[in-house]
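The values are calculated or read from the model by the stated rules, or taken from the named source; none is laboratory data. None of the values given here were measured: they were computed from a predicted structure. Cβ placement follows ideal geometry from the backbone for every residue including glycine, while neighbour counts extend to all protein chains displayed. Please note that ligands, DNA and RNA were not included when accessible areas were found on the heavy atoms of the full protein model with its side chains. Shrake-Rupley method; radii C 1.70, N 1.55, O 1.52, S 1.80 Å.
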Amino acid sequence: MPSTQQNTSTTRRCPRAAFRPVLALSLLLLSGCQAEHISFLDPAGPIASLQRHWFYLLTAGLVFVILPVLIGVPFCLWHYRASNRRATFRPDWDFALPLEFLVWGFPAIVVIAFSLLVWGPERRYSPDRPIGDAPPLAIDVVALNWKWLFVYPDAHVASLDHLVLPQGREVVFHLTSDATMQSFLIPSLGSQIYAMAGMVTRLHLLADRTGRYLGENTQFNGMGFQDQKFPVDVVPADQFDRFLTQATASTLHLDEQTYSRIRKQEIGRKTAQTLLNDPNATMVSFSSVPDHFFHDIVQRYDASMPRNPG
């Protein structure tokens, strides 16, 4: 008897125990969409705001696509259950135009309608198109294993695994890789784009809210990629100018010798600790960046590029 009671108790607890992992996963996913500025659902710029708008709109539309399935399947299971003697069984039935339209036609209409709606705005905010009319700030991005090097060519400075952006000013990123193909993404600002050796991709973004945001590589390129994340600080214009001034005063110059040390396959935090000889270092800046530093990296893989860019 005790054994029977124990089995009964265990059986009663099973549904609740099975539900706990689902609840935990749901809470984890919801927590990722909230406070830490790591999602386009918490936009800090017009591109991410547009992406969130279309995400909500398309999600609502897709509900109408799957609604017939969510309603029809339970209805069929209930109506054609073994105990329902009034359900008509038609073994020779194979086609019904209204049903075919419901299954195929309605989803097709929804997809076509959304395609027409999204076509205009998506082309308007293509990653390589300017967002506004004001001249953007140019930042060159070099993807390495497993770190990001950000070069501010107009100021001849650079930073490792730490991106600083001015609030309210459009930025155009020129991206390449000096290693494997990688994926550049700042979720709160929007627009993922790839960085590949021998190629230059362009990405226009604008941050209209100050704060610290997450940047990361979303392309698997080895066992260190999970640590290839970097903070993105959006600051007022005067603080951004101070950042450039401090970087200009850095004693680390981005020459060939320093760059060869940066290219080692280790995470950016370890590289910063090595360069600064500081076990707690997380960010390092460089001064005296050569004029054609970014171009020379691209030209190393693409011999067709001119050696002296205009």
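Observations, loosely collected:
- Leading residue by the ranking (most open to solvent (accessible area, probe 1.4 Å)) among those in segment 153-204 that are of a type in the set (Ser, Thr, Tyr) and not in a strand (DSSP E or B): THR180
- Summed over segment 246-292, the residues that are assigned to a loop (DSSP other than H, G, I, E, B) and farther than 25 Å from GLN226 by Cβ give a count of 12.
- For segment 220-239, the set of residues classified as of a type in the set (S, T, N, Q) and at pLDDT 90 or above consists of GLN228, GLN239, listed by residue number.
- Screening PHE150 on (1) touching a helix residue (DSSP H, G or I) at 6+ places or on another chain (Cβ under 9 Å); (2) outside any loop (DSSP other than H, G, I, E, B); (3) not small (Gly, Ala, Ser) shows it passes everything except condition (1).
- Annotation note: Cβ proximity below 8 Å between a residue of segment 224-253 that is under 22 Å from LYS147 (Cβ atoms) and a residue that is open to solvent by 90 Å² or more (accessible area, probe 1.4 Å) and in a helix (DSSP H, G or I) (sequence gap 6+ or interchain) occurs for ASP227/ARG269.
- Under the condition of being of a type in the set (Val, Ile, Thr), touching a strand residue (DSSP E or B) at 6+ places or on another chain (Cβ under 6 Å) and surrounded by fewer than 18 Cβ atoms within 10 Å (Cβ to Cβ), the residues counted in segment 115-152 number 1.
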